[in-house]
Amino acid sequence: MASLQCSPAYKSILRQLSTHHLHTRSLAPSRSFLKNTTSISKPFSTTSAYYRDMTGTNKILTSKNMNEQVRKAEYAVRGELAIRSEELKNELAKGAKLPFKRVVGCNIGNPQALDQKPITFFRQVASLTEYPELLKDENRQLALKIYPSDAIDRAKLLLKHIGSVGAYSHSQGIPHIRENVAKFIEKRDGFAADPSKIFLTQGASAGVQLTLQMIVENNKVGIMIPIPQYPLYTATLSVLDANPVPYYLDESKGWGLTTEELQRSFDEAAKKGIDTRALVIINPGNPTGQCLSEQNMREIIDFCKQNRVILLADEVYQTNIYQPEERPFHSFKKVLKSMGPAYEGFEMISYHSISKGMVGECGRRGGYFECEGMCDSILEQIYKISSISLCPNVQGQILVDLMVNPPQKGEPSYEMYKKEYDDIYFSLIKRASILEKTFNGLEGCTCNTADGAMYLFPQIRLPKKAIAAAHAAGKEPDQFYCMAMLEATGVCMVAGSGFGQVDGTAHFRSTFLPQPELFEEFCSGIKNFHAGFMNKYRD
(Lines give C-alpha, C1' and ligand atoms only; values in the text may rest on other atoms or scores of the structure.)
Protein backbone atom coordinates (compact mmCIF):
# COMPACT_ATOMS: atom_id res chain seq x y z
CA MET A 1 0.00 0.00 0.00
CA ALA A 2 1.44 3.36 -0.90
CA SER A 3 2.18 5.72 1.97
CA LEU A 4 -0.01 8.82 2.08
CA GLN A 5 1.61 10.29 5.15
CA CYS A 6 3.28 13.22 3.43
CA SER A 7 0.59 14.06 0.93
CA PRO A 8 -0.58 17.69 0.69
CA ALA A 9 -4.02 16.60 1.88
CA TYR A 10 -2.47 15.01 4.97
CA LYS A 11 -0.45 18.14 5.75
CA SER A 12 -3.54 20.27 5.32
CA ILE A 13 -5.47 18.11 7.75
CA LEU A 14 -2.69 18.25 10.33
CA ARG A 15 -2.93 22.04 10.22
CA GLN A 16 -6.67 21.77 10.78
CA LEU A 17 -6.23 19.52 13.82
CA SER A 18 -5.17 22.51 15.89
CA THR A 19 -8.76 23.74 15.69
CA HIS A 20 -10.11 20.46 17.03
CA HIS A 21 -8.65 21.13 20.49
CA LEU A 22 -7.35 17.62 21.12
CA HIS A 23 -5.03 17.16 24.09
CA THR A 24 -1.27 17.49 23.81
CA ARG A 25 -0.38 16.49 27.38
CA SER A 26 2.02 13.61 28.07
CA LEU A 27 -0.87 11.15 27.94
CA ALA A 28 -2.31 12.67 24.76
CA PRO A 29 -3.43 10.47 21.89
CA SER A 30 -0.52 9.48 19.72
CA ARG A 31 -0.04 11.29 16.41
CA SER A 32 -1.21 8.11 14.70
CA PHE A 33 -4.52 8.30 16.56
CA LEU A 34 -5.06 11.86 15.38
CA LYS A 35 -4.22 10.80 11.86
CA ASN A 36 -6.47 7.75 11.93
CA THR A 37 -9.51 9.25 13.61
CA THR A 38 -9.79 12.84 12.46
CA SER A 39 -8.29 12.68 9.03
CA ILE A 40 -8.13 10.62 5.90
CA SER A 41 -6.31 10.83 2.62
CA LYS A 42 -7.80 8.00 0.55
CA PRO A 43 -10.03 5.35 2.08
CA PHE A 44 -9.45 2.76 -0.60
CA SER A 45 -6.41 0.93 -1.88
CA THR A 46 -4.22 3.15 -3.99
CA THR A 47 -3.60 0.13 -6.21
CA SER A 48 -7.24 0.05 -7.24
CA ALA A 49 -7.71 1.95 -10.49
CA TYR A 50 -11.44 2.19 -9.84
CA TYR A 51 -10.91 4.34 -6.77
CA ARG A 52 -8.10 6.58 -8.05
CA ASP A 53 -8.76 10.29 -8.40
CA MET A 54 -9.40 11.01 -12.06
CA THR A 55 -6.94 13.88 -12.34
CA GLY A 56 -6.85 15.70 -15.63
CA THR A 57 -10.59 15.27 -16.20
CA ASN A 58 -13.36 17.80 -15.76
CA LYS A 59 -15.31 15.86 -13.13
CA ILE A 60 -17.68 18.06 -11.12
CA LEU A 61 -17.08 16.23 -7.84
CA THR A 62 -13.56 15.27 -6.78
CA SER A 63 -11.83 14.56 -3.49
CA LYS A 64 -10.68 18.18 -3.51
CA ASN A 65 -14.12 19.81 -3.59
CA MET A 66 -16.23 17.22 -1.75
CA ASN A 67 -17.53 17.74 1.80
CA GLU A 68 -14.32 18.19 3.73
CA GLN A 69 -15.69 16.69 6.94
CA VAL A 70 -16.55 13.46 5.12
CA ARG A 71 -13.07 13.33 3.58
CA LYS A 72 -11.49 13.75 7.00
CA ALA A 73 -13.41 10.91 8.62
CA GLU A 74 -11.87 7.47 8.98
CA TYR A 75 -13.14 4.17 10.36
CA ALA A 76 -10.14 2.14 11.45
CA VAL A 77 -11.80 -1.28 11.64
CA ARG A 78 -12.57 -1.03 7.91
CA GLY A 79 -9.33 0.75 6.98
CA GLU A 80 -6.10 -0.22 5.24
CA LEU A 81 -5.76 -3.62 6.89
CA ALA A 82 -9.33 -4.62 6.06
CA ILE A 83 -8.85 -3.47 2.46
CA ARG A 84 -5.69 -5.54 2.13
CA SER A 85 -7.44 -8.56 3.66
CA GLU A 86 -10.10 -8.36 0.93
CA GLU A 87 -7.38 -8.22 -1.72
CA LEU A 88 -5.80 -11.34 -0.21
CA LYS A 89 -9.19 -13.11 -0.23
CA ASN A 90 -9.52 -12.34 -3.92
CA GLU A 91 -6.01 -13.62 -4.59
CA LEU A 92 -6.77 -16.90 -2.79
CA ALA A 93 -10.01 -17.25 -4.76
CA LYS A 94 -8.01 -16.94 -7.99
CA GLY A 95 -5.64 -19.70 -6.92
CA ALA A 96 -2.72 -17.66 -5.63
CA LYS A 97 -0.16 -19.52 -3.53
CA LEU A 98 -0.04 -17.71 -0.18
CA PRO A 99 1.37 -18.77 3.22
CA PHE A 100 -2.19 -19.43 4.44
CA LYS A 101 -5.40 -20.98 3.12
CA ARG A 102 -7.94 -18.56 4.59
CA VAL A 103 -8.14 -14.92 5.62
CA VAL A 104 -9.46 -14.64 9.18
CA GLY A 105 -11.19 -11.31 9.82
CA CYS A 106 -10.58 -10.51 13.49
CA ASN A 107 -10.75 -6.78 12.77
CA ILE A 108 -14.45 -6.41 13.51
CA GLY A 109 -17.07 -8.06 15.74
CA ASN A 110 -18.82 -9.95 12.97
CA PRO A 111 -19.58 -13.41 14.45
CA GLN A 112 -21.32 -15.07 11.53
CA ALA A 113 -18.55 -14.07 9.13
CA LEU A 114 -16.39 -16.37 11.27
CA ASP A 115 -18.95 -19.19 11.09
CA GLN A 116 -20.92 -18.61 14.29
CA LYS A 117 -24.17 -20.52 13.80
CA PRO A 118 -27.31 -18.36 13.73
CA ILE A 119 -29.94 -19.02 16.41
CA THR A 120 -32.33 -21.46 14.73
CA PHE A 121 -35.57 -20.05 16.14
CA PHE A 122 -34.66 -16.55 14.99
CA ARG A 123 -34.06 -17.69 11.43
CA GLN A 124 -37.21 -19.81 11.41
CA VAL A 125 -39.42 -16.91 12.42
CA ALA A 126 -37.67 -14.51 10.03
CA SER A 127 -38.10 -16.92 7.10
CA LEU A 128 -41.79 -17.40 7.83
CA THR A 129 -42.41 -13.67 7.83
CA GLU A 130 -40.78 -13.54 4.40
CA TYR A 131 -43.13 -16.21 3.01
CA PRO A 132 -46.49 -15.83 4.76
CA GLU A 133 -48.18 -18.39 2.46
CA LEU A 134 -46.86 -21.01 4.88
CA LEU A 135 -48.76 -19.34 7.70
CA LYS A 136 -52.18 -19.88 6.16
CA ASP A 137 -54.37 -22.28 8.10
CA GLU A 138 -54.63 -24.66 5.15
CA ASN A 139 -50.82 -24.95 5.05
CA ARG A 140 -50.24 -25.38 8.79
CA GLN A 141 -49.65 -29.15 8.66
CA LEU A 142 -47.13 -28.67 5.88
CA ALA A 143 -45.38 -25.91 7.84
CA LEU A 144 -45.30 -28.07 11.00
CA LYS A 145 -43.16 -30.61 9.11
CA ILE A 146 -40.42 -27.98 8.93
CA TYR A 147 -41.09 -25.46 11.70
CA PRO A 148 -41.97 -25.81 15.39
CA SER A 149 -45.40 -24.53 16.36
CA ASP A 150 -44.09 -21.60 18.43
CA ALA A 151 -42.07 -20.29 15.46
CA ILE A 152 -45.23 -20.39 13.33
CA ASP A 153 -47.27 -18.68 16.03
CA ARG A 154 -44.63 -15.99 16.59
CA ALA A 155 -44.41 -15.22 12.87
CA LYS A 156 -48.21 -14.95 12.65
CA LEU A 157 -48.29 -12.60 15.63
CA LEU A 158 -45.56 -10.41 14.16
CA LEU A 159 -47.25 -10.18 10.79
CA LYS A 160 -50.51 -9.30 12.49
CA HIS A 161 -48.77 -6.17 13.77
CA ILE A 162 -46.53 -5.58 10.74
CA GLY A 163 -48.65 -6.42 7.72
CA SER A 164 -45.98 -7.13 5.11
CA VAL A 165 -42.22 -7.06 5.70
CA GLY A 166 -42.02 -5.34 2.32
CA ALA A 167 -43.98 -2.32 3.53
CA TYR A 168 -42.68 0.75 5.35
CA SER A 169 -43.23 0.59 9.08
CA HIS A 170 -43.77 3.37 11.59
CA SER A 171 -40.72 5.66 11.41
CA GLN A 172 -39.93 5.12 15.08
CA GLY A 173 -40.25 1.37 14.68
CA ILE A 174 -43.14 -1.08 14.82
CA PRO A 175 -45.19 -0.22 17.97
CA HIS A 176 -45.62 -3.89 18.96
CA ILE A 177 -41.86 -4.42 18.88
CA ARG A 178 -41.17 -1.21 20.82
CA GLU A 179 -43.60 -2.45 23.45
CA ASN A 180 -41.63 -5.70 23.69
CA VAL A 181 -38.38 -3.76 24.01
CA ALA A 182 -39.94 -1.78 26.87
CA LYS A 183 -40.95 -5.04 28.59
CA PHE A 184 -37.40 -6.37 28.13
CA ILE A 185 -35.90 -3.25 29.71
CA GLU A 186 -38.34 -3.42 32.63
CA LYS A 187 -37.56 -7.10 33.22
CA ARG A 188 -33.81 -6.42 33.01
CA ASP A 189 -33.78 -3.36 35.28
CA GLY A 190 -36.82 -3.57 37.51
CA PHE A 191 -37.97 -0.13 36.35
CA ALA A 192 -40.62 0.69 33.76
CA ALA A 193 -39.75 1.81 30.23
CA ASP A 194 -41.89 3.94 27.92
CA PRO A 195 -42.28 2.60 24.33
CA SER A 196 -42.81 6.16 23.09
CA LYS A 197 -39.23 6.96 24.12
CA ILE A 198 -37.72 3.95 22.33
CA PHE A 199 -36.53 4.26 18.73
CA LEU A 200 -35.71 1.21 16.61
CA THR A 201 -32.71 1.74 14.34
CA GLN A 202 -30.55 0.25 11.60
CA GLY A 203 -28.15 -1.15 14.19
CA ALA A 204 -26.83 0.77 17.19
CA SER A 205 -24.45 2.74 14.96
CA ALA A 206 -27.34 4.49 13.23
CA GLY A 207 -28.76 5.42 16.62
CA VAL A 208 -25.43 6.84 17.76
CA GLN A 209 -25.09 8.88 14.57
CA LEU A 210 -28.65 10.23 14.80
CA THR A 211 -28.38 11.27 18.43
CA LEU A 212 -24.96 12.86 18.02
CA GLN A 213 -26.41 14.80 15.10
CA MET A 214 -29.05 16.14 17.51
CA ILE A 215 -26.51 17.13 20.16
CA VAL A 216 -23.87 18.82 17.99
CA GLU A 217 -25.07 22.39 17.51
CA ASN A 218 -21.86 23.84 16.01
CA ASN A 219 -18.12 23.27 15.74
CA LYS A 220 -17.55 24.46 19.30
CA VAL A 221 -19.40 21.45 20.74
CA GLY A 222 -17.38 18.63 22.29
CA ILE A 223 -18.26 15.02 23.05
CA MET A 224 -16.24 13.12 25.66
CA ILE A 225 -15.00 9.77 24.34
CA PRO A 226 -12.85 7.07 25.94
CA ILE A 227 -9.30 6.41 24.86
CA PRO A 228 -9.08 3.75 23.54
CA GLN A 229 -12.42 4.22 21.76
CA TYR A 230 -14.53 2.62 19.08
CA PRO A 231 -13.81 4.56 15.84
CA LEU A 232 -17.53 5.10 15.16
CA TYR A 233 -17.37 8.03 17.55
CA THR A 234 -14.42 9.94 16.13
CA ALA A 235 -15.57 9.27 12.57
CA THR A 236 -19.06 10.60 13.31
CA LEU A 237 -17.72 13.62 15.18
CA SER A 238 -15.43 14.39 12.26
CA VAL A 239 -18.35 14.34 9.82
CA LEU A 240 -20.30 16.63 12.18
CA ASP A 241 -17.27 18.95 12.59
CA ALA A 242 -17.43 18.47 16.36
CA ASN A 243 -14.64 18.08 18.91
CA PRO A 244 -13.69 14.74 20.42
CA VAL A 245 -12.81 15.35 24.09
CA PRO A 246 -10.67 12.35 25.06
CA TYR A 247 -10.56 10.82 28.53
CA TYR A 248 -8.17 7.98 29.31
CA LEU A 249 -8.83 4.47 30.54
CA ASP A 250 -6.08 3.16 32.82
CA GLU A 251 -4.53 0.03 31.31
CA SER A 252 -2.56 -0.69 34.51
CA LYS A 253 -5.87 -1.01 36.38
CA GLY A 254 -7.74 -3.23 33.96
CA TRP A 255 -8.76 -0.28 31.77
CA GLY A 256 -10.37 1.38 34.77
CA LEU A 257 -12.06 4.78 34.73
CA THR A 258 -12.01 7.50 37.38
CA THR A 259 -14.16 10.59 37.70
CA GLU A 260 -10.95 12.54 38.36
CA GLU A 261 -9.89 11.73 34.81
CA LEU A 262 -13.31 12.68 33.50
CA GLN A 263 -13.14 16.02 35.28
CA ARG A 264 -9.62 16.69 34.01
CA SER A 265 -10.74 16.07 30.46
CA PHE A 266 -13.86 18.23 30.83
CA ASP A 267 -11.95 21.11 32.44
CA GLU A 268 -9.16 21.11 29.84
CA ALA A 269 -11.73 21.23 27.05
CA ALA A 270 -13.49 24.15 28.74
CA LYS A 271 -10.23 26.09 28.87
CA LYS A 272 -10.00 25.70 25.09
CA GLY A 273 -13.49 27.08 24.57
CA ILE A 274 -15.16 23.72 23.92
CA ASP A 275 -18.78 23.36 24.97
CA THR A 276 -18.83 19.74 26.16
CA ARG A 277 -22.36 18.42 25.79
CA ALA A 278 -22.17 14.64 26.23
CA LEU A 279 -20.13 11.78 27.63
CA VAL A 280 -19.84 8.46 25.76
CA ILE A 281 -19.43 5.39 27.95
CA ILE A 282 -18.91 2.01 26.25
CA ASN A 283 -19.82 -0.70 28.76
CA PRO A 284 -18.68 -3.45 28.40
CA GLY A 285 -15.72 -1.79 26.74
CA ASN A 286 -14.75 -1.81 23.10
CA PRO A 287 -11.87 -2.39 22.34
CA THR A 288 -10.84 -2.96 25.95
CA GLY A 289 -13.39 -5.45 27.31
CA GLN A 290 -13.74 -4.02 30.83
CA CYS A 291 -17.05 -3.98 32.71
CA LEU A 292 -17.89 -1.08 35.04
CA SER A 293 -18.82 -1.62 38.68
CA GLU A 294 -22.13 -0.27 39.95
CA GLN A 295 -20.33 2.19 42.22
CA ASN A 296 -18.23 3.48 39.34
CA MET A 297 -21.43 3.99 37.32
CA ARG A 298 -22.98 6.02 40.14
CA GLU A 299 -19.90 8.23 40.17
CA ILE A 300 -20.15 8.72 36.41
CA ILE A 301 -23.81 9.72 36.69
CA ASP A 302 -22.90 12.22 39.41
CA PHE A 303 -20.16 13.65 37.19
CA CYS A 304 -22.63 14.12 34.35
CA LYS A 305 -25.19 15.77 36.63
CA GLN A 306 -22.68 18.16 38.18
CA ASN A 307 -21.25 19.17 34.81
CA ARG A 308 -24.55 19.24 32.90
CA VAL A 309 -23.47 16.56 30.44
CA ILE A 310 -25.76 14.09 28.65
CA LEU A 311 -24.79 10.46 29.22
CA LEU A 312 -24.60 8.30 26.08
CA ALA A 313 -24.46 4.65 27.21
CA ASP A 314 -23.25 2.26 24.52
CA GLU A 315 -24.37 -1.09 25.98
CA VAL A 316 -24.38 -3.29 22.90
CA TYR A 317 -22.24 -5.98 24.60
CA GLN A 318 -24.49 -6.31 27.65
CA THR A 319 -24.91 -10.08 27.25
CA ASN A 320 -21.21 -10.65 26.52
CA ILE A 321 -20.29 -10.89 30.22
CA TYR A 322 -17.63 -13.49 31.01
CA GLN A 323 -17.20 -13.03 34.78
CA PRO A 324 -20.81 -12.47 35.84
CA GLU A 325 -20.19 -13.05 39.55
CA GLU A 326 -17.19 -10.73 39.84
CA ARG A 327 -18.09 -8.24 37.09
CA PRO A 328 -21.82 -8.39 36.35
CA PHE A 329 -23.45 -6.06 33.85
CA HIS A 330 -25.61 -3.26 35.21
CA SER A 331 -27.39 -0.97 32.79
CA PHE A 332 -27.02 2.76 33.35
CA LYS A 333 -30.83 2.98 33.31
CA LYS A 334 -31.05 0.61 36.30
CA VAL A 335 -28.32 2.41 38.23
CA LEU A 336 -29.81 5.82 37.50
CA LYS A 337 -33.30 4.81 38.61
CA SER A 338 -31.92 3.28 41.81
CA MET A 339 -30.40 6.65 42.77
CA GLY A 340 -33.77 8.13 43.63
CA PRO A 341 -35.92 11.18 42.87
CA ALA A 342 -33.00 13.62 43.05
CA TYR A 343 -32.02 12.33 39.60
CA GLU A 344 -35.41 12.81 37.95
CA GLY A 345 -34.94 14.50 34.61
CA PHE A 346 -31.36 13.26 34.19
CA GLU A 347 -30.67 13.14 30.43
CA MET A 348 -29.40 9.86 29.06
CA ILE A 349 -29.59 7.81 25.87
CA SER A 350 -28.72 4.10 25.88
CA TYR A 351 -28.11 1.84 22.87
CA HIS A 352 -28.45 -1.87 22.13
CA SER A 353 -28.00 -4.02 19.03
CA ILE A 354 -28.72 -7.42 17.48
CA SER A 355 -25.18 -7.52 16.10
CA LYS A 356 -23.49 -8.62 19.31
CA GLY A 357 -24.23 -10.98 22.17
CA MET A 358 -25.06 -14.52 21.13
CA VAL A 359 -27.28 -13.24 18.31
CA GLY A 360 -24.57 -11.94 15.97
CA GLU A 361 -27.00 -10.87 13.24
CA CYS A 362 -24.79 -8.00 12.06
CA GLY A 363 -25.99 -7.95 8.46
CA ARG A 364 -29.64 -7.58 9.39
CA ARG A 365 -28.94 -4.14 10.91
CA GLY A 366 -31.22 -3.96 13.92
CA GLY A 367 -30.99 -2.06 17.17
CA TYR A 368 -32.65 0.50 19.38
CA PHE A 369 -31.99 3.42 21.66
CA GLU A 370 -33.97 4.55 24.69
CA CYS A 371 -34.24 8.20 25.69
CA GLU A 372 -34.37 9.04 29.38
CA GLY A 373 -35.10 12.53 30.69
CA MET A 374 -35.16 14.15 27.24
CA CYS A 375 -37.66 16.96 26.72
CA ASP A 376 -40.65 16.35 24.46
CA SER A 377 -39.45 18.86 21.85
CA ILE A 378 -36.23 16.88 21.39
CA LEU A 379 -38.16 13.61 21.06
CA GLU A 380 -40.22 15.28 18.35
CA GLN A 381 -37.06 16.32 16.52
CA ILE A 382 -35.59 12.82 16.79
CA TYR A 383 -38.82 11.46 15.34
CA LYS A 384 -38.64 13.99 12.50
CA ILE A 385 -35.08 12.97 11.60
CA SER A 386 -36.06 9.29 11.84
CA SER A 387 -38.93 9.99 9.44
CA ILE A 388 -36.56 11.34 6.80
CA SER A 389 -35.22 7.78 6.44
CA LEU A 390 -38.82 6.51 6.44
CA CYS A 391 -38.20 3.54 8.76
CA PRO A 392 -35.59 1.04 9.97
CA ASN A 393 -35.47 -2.12 7.88
CA VAL A 394 -38.27 -4.40 8.97
CA GLN A 395 -36.28 -7.64 9.20
CA GLY A 396 -33.85 -5.90 11.52
CA GLN A 397 -36.80 -4.85 13.67
CA ILE A 398 -38.05 -8.45 13.72
CA LEU A 399 -34.67 -9.63 15.00
CA VAL A 400 -34.82 -6.98 17.74
CA ASP A 401 -38.15 -8.46 18.79
CA LEU A 402 -36.68 -11.95 18.87
CA MET A 403 -33.60 -10.80 20.79
CA VAL A 404 -35.65 -9.15 23.55
CA ASN A 405 -38.38 -11.84 23.57
CA PRO A 406 -36.81 -15.24 22.82
CA PRO A 407 -38.49 -18.60 23.42
CA GLN A 408 -39.52 -19.10 27.03
CA LYS A 409 -39.24 -22.18 29.22
CA GLY A 410 -42.00 -24.64 28.36
CA GLU A 411 -42.29 -23.55 24.73
CA PRO A 412 -41.34 -26.05 21.97
CA SER A 413 -38.24 -24.17 20.83
CA TYR A 414 -36.87 -23.29 24.26
CA GLU A 415 -34.52 -26.25 24.76
CA MET A 416 -32.85 -25.83 21.37
CA TYR A 417 -32.62 -22.06 21.83
CA LYS A 418 -31.09 -22.44 25.29
CA LYS A 419 -28.54 -24.99 24.07
CA GLU A 420 -27.50 -22.91 21.06
CA TYR A 421 -27.24 -19.76 23.20
CA ASP A 422 -25.22 -21.47 25.95
CA ASP A 423 -22.92 -23.23 23.48
CA ILE A 424 -21.97 -19.88 21.96
CA TYR A 425 -21.65 -18.16 25.34
CA PHE A 426 -19.43 -20.72 27.06
CA SER A 427 -17.34 -21.15 23.93
CA LEU A 428 -16.69 -17.40 23.86
CA ILE A 429 -15.53 -17.52 27.49
CA LYS A 430 -13.14 -20.37 26.64
CA ARG A 431 -11.81 -18.72 23.50
CA ALA A 432 -11.28 -15.40 25.29
CA SER A 433 -9.19 -17.17 27.94
CA ILE A 434 -7.12 -19.11 25.39
CA LEU A 435 -6.35 -16.01 23.33
CA GLU A 436 -5.50 -13.96 26.41
CA LYS A 437 -2.98 -16.63 27.47
CA THR A 438 -1.62 -16.70 23.92
CA PHE A 439 -1.03 -12.94 23.90
CA ASN A 440 0.49 -12.92 27.39
CA GLY A 441 2.85 -15.68 26.27
CA LEU A 442 4.26 -13.58 23.40
CA GLU A 443 7.57 -11.84 23.89
CA GLY A 444 7.06 -8.18 24.86
CA CYS A 445 3.26 -8.51 24.99
CA THR A 446 0.84 -8.01 27.90
CA CYS A 447 -2.92 -8.40 27.79
CA ASN A 448 -5.67 -7.64 30.29
CA THR A 449 -8.54 -10.06 30.86
CA ALA A 450 -11.76 -9.44 28.94
CA ASP A 451 -14.64 -9.01 31.40
CA GLY A 452 -16.97 -8.68 28.44
CA ALA A 453 -17.45 -7.72 24.76
CA MET A 454 -15.68 -9.63 21.96
CA TYR A 455 -12.14 -8.28 21.97
CA LEU A 456 -8.72 -8.27 23.55
CA PHE A 457 -6.49 -5.21 23.32
CA PRO A 458 -2.93 -6.28 24.16
CA GLN A 459 0.00 -3.91 24.40
CA ILE A 460 3.05 -4.87 22.37
CA ARG A 461 6.59 -3.59 22.94
CA LEU A 462 8.34 -3.74 19.59
CA PRO A 463 12.11 -3.76 19.02
CA LYS A 464 13.71 -0.46 17.98
CA LYS A 465 14.57 -1.92 14.58
CA ALA A 466 10.91 -2.75 13.96
CA ILE A 467 9.89 0.77 14.94
CA ALA A 468 12.52 2.22 12.62
CA ALA A 469 11.37 -0.05 9.78
CA ALA A 470 7.78 1.06 10.36
CA HIS A 471 8.69 4.74 10.20
CA ALA A 472 10.76 4.12 7.07
CA ALA A 473 7.66 2.57 5.50
CA GLY A 474 5.55 5.57 6.53
CA LYS A 475 3.49 3.55 9.02
CA GLU A 476 2.87 3.57 12.73
CA PRO A 477 4.65 0.65 14.46
CA ASP A 478 1.47 -1.19 15.44
CA GLN A 479 0.06 -0.78 11.92
CA PHE A 480 3.33 -2.13 10.52
CA TYR A 481 3.15 -5.14 12.86
CA CYS A 482 -0.49 -5.91 12.03
CA MET A 483 0.16 -5.65 8.28
CA ALA A 484 3.09 -8.04 8.59
CA MET A 485 0.88 -10.46 10.51
CA LEU A 486 -1.82 -10.26 7.84
CA GLU A 487 0.62 -10.94 5.01
CA ALA A 488 2.18 -13.89 6.86
CA THR A 489 -0.85 -15.55 8.45
CA GLY A 490 -4.02 -14.19 6.84
CA VAL A 491 -5.16 -12.94 10.27
CA CYS A 492 -6.56 -9.41 10.07
CA MET A 493 -6.45 -7.41 13.30
CA VAL A 494 -6.64 -3.65 13.92
CA ALA A 495 -3.76 -1.49 15.08
CA GLY A 496 -4.23 0.29 18.40
CA SER A 497 -3.41 3.61 16.76
CA GLY A 498 -6.85 3.41 15.12
CA PHE A 499 -8.54 3.43 18.52
CA GLY A 500 -6.29 5.89 20.35
CA GLN A 501 -3.66 5.00 22.91
CA VAL A 502 -1.21 6.64 25.29
CA ASP A 503 1.57 8.24 23.30
CA GLY A 504 4.58 5.95 22.91
CA THR A 505 2.61 2.72 23.35
CA ALA A 506 1.51 0.21 20.72
CA HIS A 507 -1.51 -2.10 20.81
CA PHE A 508 -3.71 -4.14 18.54
CA ARG A 509 -7.30 -5.32 18.82
CA SER A 510 -8.42 -8.83 18.01
CA THR A 511 -11.76 -10.55 18.30
CA PHE A 512 -11.82 -14.06 19.74
CA LEU A 513 -14.55 -15.10 17.30
CA PRO A 514 -12.76 -17.74 15.17
CA GLN A 515 -14.63 -20.98 15.79
CA PRO A 516 -13.29 -23.63 18.23
CA GLU A 517 -12.20 -26.05 15.52
CA LEU A 518 -9.93 -23.34 14.07
CA PHE A 519 -8.77 -21.79 17.32
CA GLU A 520 -5.69 -23.90 17.99
CA GLU A 521 -4.41 -23.30 14.45
CA PHE A 522 -5.33 -19.60 14.77
CA CYS A 523 -3.32 -19.18 17.99
CA SER A 524 -0.38 -21.22 16.70
CA GLY A 525 -0.16 -19.03 13.63
CA ILE A 526 0.01 -15.89 15.79
CA LYS A 527 2.72 -17.41 18.01
CA ASN A 528 4.87 -18.49 15.05
CA PHE A 529 4.51 -15.16 13.29
CA HIS A 530 5.35 -13.18 16.41
CA ALA A 531 8.46 -15.19 17.15
CA GLY A 532 9.69 -14.73 13.59
CA PHE A 533 8.88 -11.01 13.59
CA MET A 534 10.74 -10.39 16.86
CA ASN A 535 13.76 -12.37 15.66
CA LYS A 536 13.84 -10.48 12.36
CA TYR A 537 13.92 -7.10 14.07
CA ARG A 538 15.75 -8.01 17.26
CA ASP A 539 17.96 -5.16 18.52
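Sort 335-342, 479-486, 242-249 by the packing proxy (mean of other Cβ within 10 Å over each peptide's residues), most packed first.
Packing order, densest peptide first, comes out as 242-249, 479-486, 335-342.
Specify the inter-centroid distance of the stretch 212-246 and the stretch 428-493, based on alpha-carbon positions, in whole Å.
So the separation of the two Cα centres works out to 27 Å.
Apply the Karplus curve 6.51 cos²θ - 1.76 cosθ + 1.60, θ = phi - 60°, to the phi angles in the stretch 291-296 and return the couplings in whole Hz, x for Gly and Pro.
10, 6, 7, 4, 5, 4
Which three semi-axes in whole Å describe the equivalent ellipsoid of the chain, each the square root of 5 times a Cα gyration tensor eigenvalue, listed largest first?
Numbers: eigenvalues 267, 174, 120 Å².
Semi-axes, largest first: 37, 29, 24 Å.
Once amide H atoms are placed 1.01 Å from N in the peptide plane, what residues at a sequence separation of 5 or more from N243, or on another chain, have their amide H within under 5 Å of its amide H?
Excluding prolines and chain starts, which carry no amide H, the hits are V221, G222, I223.
From the phi of every residue in the stretch 153-169, what ³J(HN,Hα) in whole Hz does the Karplus formula 6.51 cos²θ - 1.76 cosθ + 1.60 yield, where θ is phi - 60° and glycine or proline is x?
5, 5, 4, 5, 5, 4, 5, 4, 8, 9, x, 10, 5, x, 9, 4, 9
Can you give the extra length, in nm with one decimal, that the chain gains between N535 and L98 once fully stretched, where that is 0.36 nm per residue apart less the Cα-Cα distance?
Working: separation 437, 0.36 × 437 = 157.32 nm, distance 2.17 nm.
This chain segment gains 155.2 nm when fully extended.
Please give the FRET efficiency for N139 paired with R264, using the beta carbon to beta carbon distance and R0 = 60 Å, rounded to the nearest 0.05. Each step should come with its number before you reach the end.
On the way: r = 65 Å, r/R0 = 1.08.
Rounded to the nearest 0.05, the efficiency is 0.40.
Arrange the residues H330, H471, H507 by how much accessible surface each exposes, largest first, with a 1.4 angstrom probe.
On the way: H330 30, H471 110, H507 5 Å².
Reading off the accessible areas and sorting them downward yields H471, H330, H507.
Using 1/(1 + (r/R0)^6) with R0 = 25 angstrom and r between the beta carbons of L159 and D423, what's the FRET efficiency to the nearest 0.05?
On the way: r = 30 Å, r/R0 = 1.20.
The computed FRET efficiency comes out at 0.25.
Rounded to the nearest 5, what is the percent of antiparallel bridges among the DSSP beta bridges in the chain? Display every interim value, and only then the final one.
Details: 20 of 41 bridges.
Once the DSSP bridges in the chain are tallied, antiparallel ones form about 50 percent.
Taking every pair of Cα atoms in the stretch 306-412, average 1/r, invert it to obtain the Kirkwood radius, and report Rg/Rh to two decimals. Kindly include the intermediate steps, with their values, before the conclusion.
On the way: Rg = 16.3 Å, Rh = 16.1 Å.
On the Cα set of the stretch 306-412, Rg over Rh gives 1.01.
Using θ = phi - 60° and the Karplus form 6.51 cos²θ - 1.76 cosθ + 1.60, what ³J(HN,Hα) does each residue of the stretch 320-330 get, whole Hz, x for Gly and Pro?
Using θ = phi - 60°, the values come out as 8, 10, 9, 10, x, 7, 7, 10, x, 8, 10 Hz.
Based on DSSP H runs of at least 4 residues, each adding -39500 (n - 2.57), what is the mean residue ellipticity at 222 nm of the chain after dividing by all its residues, to the nearest 500 deg cm²/dmol?
On the way: 19 runs with 231 residues, N = 539.
-13500 deg cm²/dmol, from helical runs alone.
Can you list residues from other chains, or at least 5 along the same chain, whose modelled amide H is less than 5 Å from the amide H of A278?
M224, I310
Pairs of Cα atoms under 8 Å, at least six residues apart: use those to get the relative contact order of the chain, whole percent. It would help to have the intermediate numbers written out before the result.
On the way: 946 pairs, mean separation 116.0, N = 539.
Relative CO of the chain lands at 22 percent.
Check which residues have an amide H placed less than 5 Å from I227's amide H, if you skip close sequence neighbours.
Y247, Y248, L249
Ranked highest first by the average count of other Cβ atoms within 10 Å around their residues, in what order do 491-499, 108-116 fall?
Working: 491-499: 28.3, 108-116: 18.4.
Descending packing order for the listed peptides: 491-499, 108-116.
The values are calculated or read from the model by the stated rules, or taken from the named source; none is laboratory data. Just so it is clear, the model here is predicted, and its values are computed rather than measured. For neighbour counting, all protein chains shown are included, and Cβ atoms are generated from backbone atoms with ideal geometry for every residue, glycine included. All accessible areas refer to the heavy atoms of the entire protein, side chains included, with ligands and DNA or RNA removed. Shrake-Rupley method; radii C 1.70, N 1.55, O 1.52, S 1.80 Å.
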